[in-house]
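The values are calculated or read from the model by the stated rules, or taken from the named source; none is laboratory data. Remember, it's a predicted structure, so these values are computed and weren't measured experimentally. Cβ placement follows ideal geometry from the backbone for every residue including glycine, while neighbour counts extend to all protein chains displayed. Side chains are part of the model used for accessible areas, which takes the heavy atoms of the whole protein and leaves out ligands, DNA and RNA. Shrake-Rupley method; radii C 1.70, N 1.55, O 1.52, S 1.80 Å.
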Amino acid sequence: MSEDAGAAPFVPEGAPIDALRAAAAGCRGCELWEPASQVVFSAGPPSASIVLVGEQPGDQEDRRGLPFVGPAGQLLVRAIRDAGIDPAAVYRTNAVKHFRFEQRGARRIHKTPEVQHITACHPWLHAELGQLSPGIVVALGASAGRSVFGRPVRIGAERGTVLEGAIPDSPAKALLTAHPSAVLRMQGDPGYDDAYAALVGDLRTAAAAAG
């Protein structure tokens, strides 16, 4: 990736969400667009009071072109419902809009996006937040937290706290929590129930703060 790479030249200034989504299909701000099946932009109403930001699309998201439709997304939807939130009323997006993976035979294995991918793709998230008016933005995991807050985050130390003025150029409150994929990986382990309950609790906190 070149030092001057980034999505900014591809982001139409002041464009509404539908126009941003259409423009994102042509983004070449980093190399991740080439092996991916398609861009995965966002889903949910622009009027949402809660915005969820994940890390990046996974295999199923890449194939279907929608965020949070794979196994981790299904767990997240269940957690949203258990927190007393209507999933259809939540806006969902990712810090990185293309699936980063390693091909192993017929399988595509998720690879965590690097800092330069998060930085390159951040103009899209910045533009989205500029068109939305949420009461709160929930960052799901460390990669999302870095993009939302513009700095490295520590899930264990910072999760579950409602923050004011933490998002550059946005008046929305913010909250950091674990990514649902981290909870999903614990299925079958003794700590799974507690991890899932903590995610639900954080979402419930976010809903109360959203107003």
Practice item. Kindly indicate whether residue 63 is of a type outside the set (Gly, Ala, Ser) and either crowded, with 19+ Cβ neighbours inside 10 Å or farther than 26 Å from residue 28 by Cβ (or both). Key: no
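Restricting to region 104-163, what's the tally of residues that are among the basic types (Lys, Arg) and part of a strand (DSSP E or B)? First the steps, then the outcome.
Going residue by residue through region 104-163, those that are among the basic types (Lys, Arg) are 104, 107-108, 111, 146, 151, 154, 159.
Next, from what is left, pick out any that are part of a strand (DSSP E or B): 104, 107-108.
Of the residues in that region, 3 qualify.
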Review point. Restricting to region 43-91, what's the tally of residues that are of a type in the set (Asp, Glu) and either more than 16 Å from the chain's Cα centre (by Cα) or not in a helix (DSSP H, G or I) (or both)?
Key: 3
Practice item. Please find, among 85, 136, 109, the residue that is among the β-branched types (Val, Ile, Thr), surrounded by fewer than 24 Cβ atoms within 10 Å (Cβ to Cβ) and free of Cβ contacts under 8 Å to residues at least 24 places away in the same chain. Key: 109
**Study point:** Conditions (1) exposed (fewer than 13 other Cβ atoms within 10 Å of the Cβ); (2) part of a helix (DSSP H, G or I); number of the one not met by residue 182
**Key:** (1)
Review point. Checking residue 98 against (1) outside any loop (DSSP other than H, G, I, E, B); (2) of a type outside the set (Val, Ile, Thr); (3) under 13 Å from the mean Cα position of the chain (by Cα), which test does it fail?
Key: (1)
**Study point:** Condition met for residue 40 (hydrophobic (A, V, I, L, M, F, W, C), modelled with pLDDT of 95 or more, within 17 Å of the chain's Cα centre (by Cα) and open to solvent by 30 Å² or more (accessible area, probe 1.4 Å))
**Key:** no
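When you scan region 149-168, do you find a residue that is basic (Lys, Arg), modelled with pLDDT of 95 or more and touching a helix residue (DSSP H, G or I) at 6+ places or on another chain (Cβ under 6 Å), even just one? Working first, answer last.
Filtering region 149-168 down to residues basic (Lys, Arg) leaves 151, 154, 159.
From the residues that got through so far, the ones that are modelled with pLDDT of 95 or more too are 151, 154, 159.
Narrowing the set further to residues that are touching a helix residue (DSSP H, G or I) at 6+ places or on another chain (Cβ under 6 Å) leaves none.
No: zero hits.
Conditions (1) basic (Lys, Arg); (2) open to solvent by 10 Å² or more (accessible area, probe 1.4 Å), marked per residue:
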| site | (1), (2) |
| --- | --- |
| 151 | yes, yes |
| 154 | yes, yes |
| 174 | no, no |
| 207 | no, yes |
Review point. Scanning region 1-37 for residues that are at pLDDT 95 or above and touching a Gly at 6+ places or on another chain (Cβ under 7 Å), which turns out surrounded by the fewest Cβ atoms within 10 Å (Cβ to Cβ)?
Key: 10
Revision key, fill the gap. In region 1-56, residues that are touching a Phe, Trp or Tyr at 6+ places or on another chain (Cβ under 6 Å) and either of a type in the set (Lys, Arg) or under 17 Å from residue 90 (Cα atoms) (or both) total 4
